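The values are calculated or read from the model by the stated rules, or taken from the named source; none is laboratory data. Just so it is clear, the model here is predicted, and its values are computed rather than measured. Using ideal geometry, Cβ is built from the backbone for each residue, glycine included, and neighbour counts are taken over all protein chains shown. All accessible areas refer to the heavy atoms of the entire protein, side chains included, with ligands and DNA or RNA removed. Shrake-Rupley method; radii C 1.70, N 1.55, O 1.52, S 1.80 Å.
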Amino acid sequence: MSHPDRFAPPGGVSRNAVIVGSVVALHVAGIWALQSGLVRKAAEVIVPAELLSEFIAPPAPPKVTPPPPAPPLPPKPAPKAAPRPAPMPVAIADPTPAPNAPTGITTPQPPAPPIEAPVAPPAPAPAPPAPPAPPKIELPSSDAAYLNNPKPSYPAISKRMGEQGKVVLRVLIGTDGVPQKVEVNKSSGFDRLDRQAQDAVMRWRFVPGKRNGVPEAMWNLVPVNFVLE
């Protein structure tokens, strides 16, 4: 019967330990290879980015040097004062007259005549007041139809004797239209015809005369004709 320790390597290390150590070494090598590859790729990615940022960055603006200040202007010389003119000689009046100076009499100037103030023209006379309007007068009338005044009757004896003519009577008519007085203004030439006309007109009625629309007693001329037919 074989013993397991027969296959163990010399030095006292077991087979299992060798296997475990080999597996660990392989893992460590794989991890190292993986890490080294990732680091190289990261370096390849980062380095171009830095170069790109340096390439895109704008150049710095050039420095502008301010121009040197202008030198100050020299001060202007003060204007020279103009020379003063020499004083003119002043004449001094001598109170003593010359021996051959003519003497005369000073005549005072007559006063100017007084200036008369201009006389204002007289004010125009005020215009006379306008005359009052004449009163509106309406004469009495006997022609109104409603008066019914009859014609004077012709005297029979005057007809037989052929008496005819025109009588003009002057009649005073009151405010009530009634005749107050009748006078013969122009005779017909026959006394009988004149009296017949007076008697007839005294019985008439009239439209009274008016002054500015107010009834007023007035005289009126009334003609009466006597004509034979």
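Annotations for the structure displayed:
- Every residue from segment 192-220 that is in a loop (DSSP other than H, G, I, E, B) and over 17 Å from residue 142 (Cβ atoms): 212, 213
- Search result, residues across segment 125-158 that are surrounded by 13 or more Cβ atoms within 10 Å (Cβ to Cβ) and in a loop (DSSP other than H, G, I, E, B): 139, 140, 142, 149, 152, 154, 155
- For segment 166-183, the count of residues that are of a type in the set (D, E, K, R), in a loop (DSSP other than H, G, I, E, B) and surrounded by 15 or more Cβ atoms within 10 Å (Cβ to Cβ) is zero.
- Filter result for residue 120 (among the small types (Gly, Ala, Ser), over 30 Å from residue 219 (Cβ atoms) and either modelled with pLDDT under 65 or assigned to a loop (DSSP other than H, G, I, E, B) (or both)): yes
- On inspection, residue 189 passes the criterion of being in a loop (DSSP other than H, G, I, E, B) and exposed (fewer than 14 other Cβ atoms within 10 Å of the Cβ).
- The condition of being in contact with a Lys or Arg (Cβ under 9 Å, 6 or more places away or on another chain) and aliphatic (A, V, I, L, M) holds for only one of 178, 201, 207, that being 178.
- Of all residues in segment 149-177, those that are touching a residue at least 60 places away in the same chain (Cβ under 8 Å) and farther than 22 Å from residue 221 by Cα have Cβ atoms under 7 Å from Cβ atoms of residues that are open to solvent by 10 Å² or more (accessible area, probe 1.4 Å) and part of a helix (DSSP H, G or I), 6 or more apart or on another chain, in 158/192; 163/192.
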